[in-house]
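**Q** Structure provided below as structure tokens; questions to follow.
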Amino acid sequence: MRPVISPSRLGLAWGFVGILAFSFTVPFTRVAVGGMSPLFIGSGRAVIAAALAAAALALFKQPRPRGIQWVRLAVVAGGVVVGFPLLTSFALTTAPASRGAVLIALLPAATAVMAVIRAKERPPASFWMMAVIGAAAAIVFAALQGGGFAQLALSDLLLFGAVVAAAIGYAEGGLLARELGSWQTVSWALVIAAPLMVILTVIASVQQPPTGTPIQWAAFAYLAAVSMFLGFFAWYRGLAIGPMAQVSQVQLIQPVLSIMWAALLLREELLWSTILGGIAVILCAGIAVRARLTRPTLIPSGIPTRGRDDTGGGKG
């Protein structure tokens, strides 16, 4: 007789599979930019993912969004389909994958901040304090790595912009997923962004024809099929099984895994500054997210309970 797996463990397991898939995004982007332009990588992978998304929506006969939902999907698309892939692709042409992983470690806290603003929540002061400290830690890390605050590299600014773009997209997507479904939201966002990404892909191909090695094309294929599409199936399935507040915190291990893959696959040297910077940012993000998740609220009977995270955020 097979042992019965509790729903919470099953949700965590699916969530971990999703985050494991996402953790290769930064290292594989670093590999792909060795033979292809960042514009081609950021747009081309979205075109392939959009084709897969359109096929899935048609296969499962999903109803179309209505009214304002299209506008909200455009916000999601702008953040996670256009903004994050393009900005990270350009940033990782010069920034090491491990450095990118440390700065992207801000994403859980940034997503929580955007969700708080969007849902008009009132989290405790500790949430805002740790969110600010985490951002400051990431900025200090980038400044020390780049030679000072006056010499923050363009790649650092692009990575910070990628975090903001993804956080906006995840927060809005999490709210919209309650209405359309989780993977459906991501799929419709990909479809909406497809015309623009096709144009950008054509422009990128004309300006700099992609001439990657088999390994670089394999990395690009992973970014398109897994990081931008299939990974969301596992991630959002985990969030759907829940408990969502618990599963969403699995995202905090993503930068740790990304740094590990950068060292193992790309042979990047792990400096103590990278390790300590990553620990500082991850701890601050974890405490900030935890502070928001455990904010006391009132149920109709007046009995205090704990707030739940229903934002459904996740990273590609």
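The values are calculated or read from the model by the stated rules, or taken from the named source; none is laboratory data. These numbers were taken from a predicted model, which means no experiment stands behind them. Neighbour counts are summed over all protein chains in view; Cβ atoms, including those assigned to glycine, are modelled from backbone coordinates with ideal geometry.
**Q** Specify which of the listed residues (Ala21, Ala53) is under 25 Å from Val247 (Cα atoms) and crowded, with 24+ Cβ neighbours inside 10 Å.
**A** Matching residue, one of Ala21, Ala53: Ala53.
**Q** Could you check, for segment 284-302, whether at least one of its residues is buried (at least 22 other Cβ atoms within 10 Å of the Cβ), assigned to a helix (DSSP H, G or I) and at pLDDT 80 or above?
**A** Let us first name the residues in segment 284-302 that are buried (at least 22 other Cβ atoms within 10 Å of the Cβ), namely 284-285, 288-289, 292.
Applying the additional criterion that residues be assigned to a helix (DSSP H, G or I) yields 284-285, 288-289, 292.
Restricting the remaining residues to those that are at pLDDT 80 or above gives 284.
Yes, segment 284-302 contains at least one residue that is buried (at least 22 other Cβ atoms within 10 Å of the Cβ), assigned to a helix (DSSP H, G or I) and at pLDDT 80 or above.
**Q** Could I ask something else about it? Search segment 138-180 for residues being modelled with pLDDT of 85 or more and over 15 Å from the mean Cα position of the chain (by Cα), and hand back the single one that is farthest from Phe84 (Cα to Cα).
**A** Checking each candidate, the answer is Glu179.
**Q** Taking the condition of being farther than 17 Å from Val186 by Cα and out of contact with any helix residue (DSSP H, G or I) (no Cβ under 8 Å at 6 or more places or on another chain), how many residues in segment 29-58 meet it?
**A** The qualifying residues number 0.
**Q** Within the set of pairs 6 or more residues apart or between chains, which connect a residue that is closer than 21 Å to Ala288 by Cβ inside segment 137-150 to a residue that is modelled with pLDDT of 70 or more and outside any helix (DSSP H, G or I) with Cβ atoms less than 6 Å apart?
**A** Short answer, once both residue conditions are applied: Ala138/Leu106.
**Q** So the check is Cβ under 6 Å with 6+ separation or different chains; which pairs have a first residue in segment 216-238 that's within 13 Å of Ala50 (Cβ to Cβ) and a second one that's among the charged types (D, E, K, R) and in a helix (DSSP H, G or I)?
**A** Hits for this filter: Ala224/Arg45; Met228/Arg45.
**Q** How many of the residues in segment 1-18 are among the aliphatic types (A, V, I, L, M), within 23 Å of Ile104 (Cα to Cα) and either in contact with a Leu (Cβ under 6 Å, 6 or more places away or on another chain) or modelled with pLDDT under 90 (or both)?
**A** Our first condition is that a residue be among the aliphatic types (A, V, I, L, M); within segment 1-18, this holds for 1, 4-5, 10, 12-13, 17.
Cutting the leftovers down to within 23 Å of Ile104 (Cα to Cα) gives us 12-13, 17.
So of that shortlist, the ones also either in contact with a Leu (Cβ under 6 Å, 6 or more places away or on another chain) or modelled with pLDDT under 90 (or both) come out as 12-13.
Count: 2.
**Q** Please find, within segment 209-228, the residue that is surrounded by the most Cβ atoms within 10 Å (Cβ to Cβ) out of those that are of a type outside the set (S, T, N, Q) and over 17 Å from Val198 (Cα atoms). Explain how you work it out, then say what you get.
**A** Kept after step one, since they are of a type outside the set (S, T, N, Q), are these residues of segment 209-228: 209-210, 212, 214-215, 217-226, 228.
From the residues that got through so far, the ones that are over 17 Å from Val198 (Cα atoms) too are 212, 214-215, 217-219, 222, 226.
Working: Gly212: 18, Pro214: 8, Ile215: 13, Trp217: 16, Ala218: 14, Ala219: 27, Tyr222: 22, Val226: 21.
Selected residue: Ala219.
**Q** Could I ask something else about it? Looking at Ala225, Ala219, Ala193, which one is assigned to a helix (DSSP H, G or I), of a type in the set (Gly, Ala, Ser) and more than 18 Å from Phe22 (Cα to Cα)?
**A** None of the other options fit; the residue is Ala193.
**Q** So which residues in segment 64-92 are touching a residue at least 40 places away in the same chain (Cβ under 8 Å) and β-branched (Val, Ile, Thr), if there are any at all?
**A** Of everything in segment 64-92, those that are touching a residue at least 40 places away in the same chain (Cβ under 8 Å) and β-branched (Val, Ile, Thr) turn out to be Val75, Val76, Val80, Val81, Val82, Thr88.
**Q** Quick check: is even one residue across segment 237-251 over 26 Å from Ala109 (Cβ atoms) and in a helix (DSSP H, G or I)?
**A** no
**Q** Next question, about the same structure. Just wondering, is there one or more residues in segment 125-135 that are part of a helix (DSSP H, G or I), within 24 Å of Val250 (Cα to Cα) and polar (S, T, N, Q)?
**A** yes
**Q** If you check Leu276 against the conditions, is it at pLDDT 75 or above, farther than 23 Å from Arg122 by Cα and aliphatic (A, V, I, L, M)?
**A** yes
**Q** Something else about it: Got a sec? Which of Leu86, Leu57 is at pLDDT 90 or above and more than 18 Å from the chain's Cα centre (by Cα)?
**A** Numbers: Leu86 fails: more than 18 Å from the chain's Cα centre (by Cα).
Result of the check over Leu86, Leu57: Leu57.
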